[in-house]
Amino acid sequence: MKPLRSTGPLRIGVDVGGSKIEIIALDVDGTVLLRRRLATPQGDYGATLHAVAQLVSDAESGLSCTASVGIGTPGAIAPVTGLLKNSNSTCLNGKPLQQDLQALLQRPVRIANDADCFALSEAVDGAGAGAAILFGVIVGTGTGAGIVCHERLLAGPNAISGEWGHNPLPWPRDSERPGSACYCGNHGCIETWLSGPALEREYLAISGNAASAGDIAARDVAGEAAAQQVLDAYIDRMARALAGVINIIDPQVIVLGGGLGNIERLYRDVPAAWTRYVFSDQVNTRLVPPVHGDASGVRGAAWLWPRTSA
C-alpha cells in the first residue's frame, strides 16, 4: 500500500448519478482533499464501472495514497441477489455493481443509496454531528430518507430503512382520502403529498396557475393568498409525517435536504405544528437544514467507512 498523505486514513466517496459521477477524498477529520466530477456514460454499464475506477485511480495517484471507497447511488443492493435495484442510472439495475467494482479496484467497496449517504454525511460532521439518532430527509422530485445511529447507518434485511415516503400520510383528513396514486402501486403515500411535483400540483389546483416549487415559496413570502394556502397545508402534512417518525425512532435531529429543504419557513412552522401530533408533552427534536448541501451525498459515500474502520 502506498503511504498516506494525511495523519489518518483517507476515504474516497463516489456519487454515481444519472447525469454525473462525482468523487471526493476526505482526510480523517473530514477535510476535503480532492473533489471532481465527470459526465455519466449514458446507458453503458461497463463504461460507468471504468469511469468510477479511473476516478479512484487518478485521485489516489494525485494524493499518493490508497483509500477506502464508498459508493452512493439512487438505487440499493438487493439483499437476496446482491444486484442493484431502483437506480435512475437504469443500466446499473440488475447488475452486480458492488462485486464488479471490488474486482476492478481490488478492495472491499461499500454501497448505499443517496438518501442514506445524505443522512450519514450530516450525522458525521454536518448539521447532526454528535446526535445519537439522526433522520435525514430529502424532499425534491421524490422523497427519501436515511436513519443514522451513532454515526452508523441503520440497515435491515430488506434494504429499505428510511423509506419514509412510501408510508401513508398520518392522520388523513377526509379530503385527503384516498390520495393520489403513487408509482409504488398504493394511494396517499407521503411522497404523493410532500414531493416537489405534489406541491406544484396542489398550487395549480388552487390557483389555476402553474409554478415551480421555488416560485410558490417566493409567492408565499410575497403574501400571495394561494401560495400561502398551499404552504400552510404542506407544512401541516410534513408535520404529521415527521411526527410519525419522531413517535417511532425519537431522533435528536431531523435534517431536511433536497430542493424543498430551501424553504426557510419550514424550519420554524413545521416544529410548531408537529407538537400536536407527537406523543410527548415536549418535543426536543430539532429540524435543521444541511451543512454540506449538495456535497452531502458524495461525502456520505466516503463516510460509509466509519472512523474506526478505514
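The values are calculated or read from the model by the stated rules, or taken from the named source; none is laboratory data. If you're wondering where the values come from, they're calculated on a predicted model, not measured in any experiment. Note that each Cβ is placed from the backbone with ideal geometry, even for glycine, and that neighbours are counted across all protein chains shown.
Which members of the stretch 184-227 meet the condition of being under 21 Å from L169 (Cβ atoms), of a type in the set (S, T, N, Q) and in a helix (DSSP H, G or I)?
T192
Might you let me know whether the stretch 203-215 holds any residue that is crowded, with 23+ Cβ neighbours inside 10 Å and within 30 Å of A132 (Cα to Cα)?
no
Kindly establish whether L256 is under 14 Å from the mean Cα position of the chain (by Cα), closer than 21 Å to A132 by Cα and hydrophobic (A, V, I, L, M, F, W, C).
Working: under 14 Å from the mean Cα position of the chain (by Cα): yes; closer than 21 Å to A132 by Cα: yes; hydrophobic (A, V, I, L, M, F, W, C): yes.
Spelling it out, L256 is indeed under 14 Å from the mean Cα position of the chain (by Cα), closer than 21 Å to A132 by Cα and hydrophobic (A, V, I, L, M, F, W, C).
Where residues in the stretch 263-288 are hydrophobic (A, V, I, L, M, F, W, C) and surrounded by fewer than 14 Cβ atoms within 10 Å (Cβ to Cβ), which of them is farthest from the chain's Cα centre (by Cα)? Break it down into steps so the answer makes sense when it comes.
Kept after step one, since they are hydrophobic (A, V, I, L, M, F, W, C), are these residues of the stretch 263-288: 263, 266, 270, 272-274, 278-279, 283, 287-288.
After this cut, where a residue has to be surrounded by fewer than 14 Cβ atoms within 10 Å (Cβ to Cβ) as well, the list is 272, 279.
Values: A272: 24, F279: 26 Å.
So the residue we want is F279.
Name every residue in the stretch 161-194 that is at negative phi, exposed (fewer than 14 other Cβ atoms within 10 Å of the Cβ) and out of contact with any His (no Cβ under 8 Å at 6 or more places or on another chain), in order of residue number.
Result: R173, D174, S175, R177, Y183, H187.
Kindly check whether there is at least one residue in the stretch 73-82 that is surrounded by 15 or more Cβ atoms within 10 Å (Cβ to Cβ), in a strand (DSSP E or B), of a type in the set (S, T, Y) and at pLDDT below 95.
There is at least one residue in the stretch 73-82 that is surrounded by 15 or more Cβ atoms within 10 Å (Cβ to Cβ), in a strand (DSSP E or B), of a type in the set (S, T, Y) and at pLDDT below 95.
Would you call L266 assigned by TED's automatic domain parsing to the domain that holds S175, in contact (Cβ under 8 Å) with a residue 60 or more places away in the chain and either at positive phi or part of a helix (DSSP H, G or I) (or both)?
Details: assigned by TED's automatic domain parsing to the domain that holds S175: yes; in contact (Cβ under 8 Å) with a residue 60 or more places away in the chain: no; either at positive phi or part of a helix (DSSP H, G or I) (or both): yes.
Answer is no for this residue.
Determine which single condition I235 fails, assuming it passes every other condition in (1) touching a Pro at 6+ places or on another chain (Cβ under 9 Å); (2) in a helix (DSSP H, G or I); (3) of a type in the set (V, I, T).
(1)
For the condition modelled with pLDDT of 95 or more, in a loop (DSSP other than H, G, I, E, B) and surrounded by 15 or more Cβ atoms within 10 Å (Cβ to Cβ), what is the one hit in V255, V291, V298? Break it down stepwise before answering.
Working: V255 fails: in a loop (DSSP other than H, G, I, E, B); V298 fails: in a loop (DSSP other than H, G, I, E, B).
Sole residue among the options that is modelled with pLDDT of 95 or more, in a loop (DSSP other than H, G, I, E, B) and surrounded by 15 or more Cβ atoms within 10 Å (Cβ to Cβ): V291.
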